[in-house]
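For reference, the structure discussed in these notes is given below.
The values are calculated or read from the model by the stated rules, or taken from the named source; none is laboratory data. Please read these numbers as outputs of a predicted model, since none were measured by experiment. Heads up, the Cβs are rebuilt from the backbone with ideal geometry, glycines too, and the neighbour counts pull from every protein chain shown. These area figures cover heavy atoms from the full protein model, side chains too; ligands, DNA and RNA do not enter into them. Shrake-Rupley method; radii C 1.70, N 1.55, O 1.52, S 1.80 Å.
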Amino acid sequence: FSRAQFDAVLRNVGMRPEDYLKSREKIAVRQQVVDAVTDGLPVPKAFLSAMAQHAGENRTVDYITIPASIIPAITTVDEAALKKFFDERKESYKAPEYRKFSYVRLLPDDIADPKAIADADVLADYEKNKARYTTPETRAIEQLVFANDAAAKAAKDKIVGGATFEDIVKLENKAMTDVSLGVLKKTDVPDPKIAEAAFALASGAVSDVIPGPFGPVLVRVTAVTPEVVQPFDSIKDQIRKDLALNDASNQVLDVHDSYEDSRGGGESMKATADKVKLKYVTIEAIDATAQTPDGQTVKDLPESQNLIASVFQAEEGAENAPLNAANNGFIWYEVEKITASRERTLDEVRERVIADWKAATINEQLAAKAEDVRKAVAGGKTLDAVATELALTKETKRGIKRDSDDADLGQDGVAAAFGGGLGYVASVSNAIGDQQTVLKVTEVFEPTDATETAVPENRKQQVARGLADDLLDQLVARLQETYPVTVNSAVIDAAIQSGAF
């Protein structure tokens, strides 16, 4: 510990050592008080048992699912109801803000000129990078390792005398899978001597004895796939294109500077694009989600998300800094017209409103039907009788727990199953409202091991932290009542205005 460095650090932040030590002392005292209130606080066993009971309970429910198809189709339009429906939801039918803008993109692809690449340059690149267009020869290689040279030579003599390679492998108490190296390129064979020998053999031939890293070996080649070189004529167009792109990449910044110079000299965006031979594109109308007024999505916009966001932040007629694009490219854009958002009339969106109104009406009628069924079942009618009347099927779910995520009932259905006791009846809608489920709780099973040991340790710790936080909040609230703190805003404002701070 360096007292001089300690003093220097505090001096730099405008604090005296004695003030710093007092603040640390106060913090230590506060922490001791907090720890005394909250540290080691046990969660009551009765509380944990209640948690285990709550989480472990499972239920059986009978239910029927009422589809929207049970409601008769709406064939006529109630004009008064349609207008009321539209007036209540005008905001959702508003025409969004549309913007007309133009853009110019500069990428290597946009300025590449394959025709400018000489045939001699294409051929030279092919010859220089021929390895790139070559699939090397591969061979299926087997290798049998022997204990010593004598054993290896004896095995070779037997093969010369008419024995097969398989016979020798068997005599060495090995399987053919033990000696297979797989299909390899020459560079894949670890030992250069073995590689040279293997790639000099004819298919099916066995080598002479070769010294290997783990002992003398015999090598056999069982299949040969010759080297394949792509013909120049088959890839010359791609090489020409790649060379043109490479040249264009080196020219992007020059074209960028030419464009900026032209705009700086007062040329319009279109005139500048024509001058540097870039494509000038105009989008007549687009909203912030890339939709046109007729509902079509504008596709193939460069850097679409960034470009649209920038367009909707730009001012009409203003020249904007270019956006960075992929491959070190640039995109210039200019907003030409802004059409403000507005409320549409019913006639403009009539077909859409009719479809929405019909769907909403059917869903309302479906919910009302489900509620009628719920009341009937709650009043004593059986789900079997209801299912028969509606030509539906009653189904049963067993073992449902509060944390279940049942595919048929959904989270809302599971929650409803625990909304009351035995015999409880509820109706719930699915997420999109096109079907209703009416369910009845038919069995309730209490857990047999509802003790504190059934609660996971991490859950116990979470509850303990919650109890500790609650106690601390109560302590702070009591201290705030006993030692209230007030702020004199007028004095603070006066001090600030006077320049004291």
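A few comments on the model shown:
- Taking the listed residues 485, 463, 441, 455, the one that is without any contact (Cβ under 8 Å) to a residue 12 or more places away in the chain and either on the phi < 0 side of the Ramachandran plot or surrounded by 10 or more Cβ atoms within 10 Å (Cβ to Cβ) (or both) is 485, with no other qualifying.
- Selected residue (criterion: modelled with the lowest pLDDT) from residues of region 35-50 that are in a helix (DSSP H, G or I) and open to solvent by 40 Å² or more (accessible area, probe 1.4 Å): 37
- All positions within region 79-120 that are farther than 20 Å from residue 354 by Cα and of a type in the set (Asp, Glu): 97, 109, 110, 113, 119
- Residues of region 1-34 that are among the aromatic types (Phe, Trp, Tyr) and outside any helix (DSSP H, G or I): 1 alone.
- Single condition residue 100 does not satisfy, out of (1) touching a residue at least 24 places away in the same chain (Cβ under 8 Å); (2) assigned to a loop (DSSP other than H, G, I, E, B): (2)
- Test: residue in region 76-90 that is touching a strand residue (DSSP E or B) at 6+ places or on another chain (Cβ under 9 Å) and small (Gly, Ala, Ser): no
- Among the criteria (1) open to solvent by less than 90 Å² (accessible area, probe 1.4 Å); (2) within 47 Å of the chain's Cα centre (by Cα), the one residue 495 does not fulfil is (2).
- Residue in region 419-434 that is of a type in the set (Val, Ile, Thr) and surrounded by fewer than 16 Cβ atoms within 10 Å (Cβ to Cβ) present: yes
- Yes/no for residue 396 being surrounded by 14 or more Cβ atoms within 10 Å (Cβ to Cβ) and either on the phi > 0 side of the Ramachandran plot or at pLDDT 95 or above (or both): no
- If the condition is being more than 31 Å from the chain's Cα centre (by Cα), open to solvent by 50 Å² or more (accessible area, probe 1.4 Å) and touching a residue at least 40 places away in the same chain (Cβ under 8 Å), then region 270-310 contributes 270, 277, 279, 280, 282, 284.
- Residue count, region 65-97 (criterion: of a type in the set (A, V, I, L, M, F, W, C) and either open to solvent by 60 Å² or more (accessible area, probe 1.4 Å) or part of a strand (DSSP E or B) (or both)): 4
- Condition broken by residue 133, with the remaining ones in (1) farther than 30 Å from residue 414 by Cβ; (2) modelled with pLDDT of 95 or more; (3) of a type in the set (Phe, Trp, Tyr) satisfied: (2)
- Condition check for residue 328: closer than 23 Å to residue 87 by Cα, surrounded by 12 or more Cβ atoms within 10 Å (Cβ to Cβ) and of a type in the set (S, T, N, Q): no
- The listed residues are 355, 321, and the only one of them that is of a type outside the set (Lys, Arg), open to solvent by 40 Å² or more (accessible area, probe 1.4 Å) and under 30 Å from residue 75 (Cα atoms) turns out to be 355.
- Residue that is touching a residue at least 40 places away in the same chain (Cβ under 8 Å) and open to solvent by 30 Å² or more (accessible area, probe 1.4 Å), where the choices are 174, 186: 186
- When the strands (runs of 3 or more DSSP E) confined to region 148-251 are screened for residues that are out of contact with any Lys or Arg (no Cβ under 7 Å at 6 or more places or on another chain), those reaching at least 2 such residues are found at 180-185, 215-225.
- Test result for residue 247, loosely packed, with under 15 Cβ neighbours inside 10 Å and in contact (Cβ under 8 Å) with a residue 40 or more places away in the chain: no
- Filter pass, residue 267 being closer than 23 Å to residue 335 by Cβ and either more than 40 Å from the chain's Cα centre (by Cα) or open to solvent by 70 Å² or more (accessible area, probe 1.4 Å) (or both): yes
- Within the option set 168, 141, being at pLDDT below 95 and surrounded by 15 or more Cβ atoms within 10 Å (Cβ to Cβ) holds for one residue only, 168.
- Selection count where residues are touching a residue at least 12 places away in the same chain (Cβ under 8 Å) and over 21 Å from residue 53 (Cα atoms), scope region 363-411: 23
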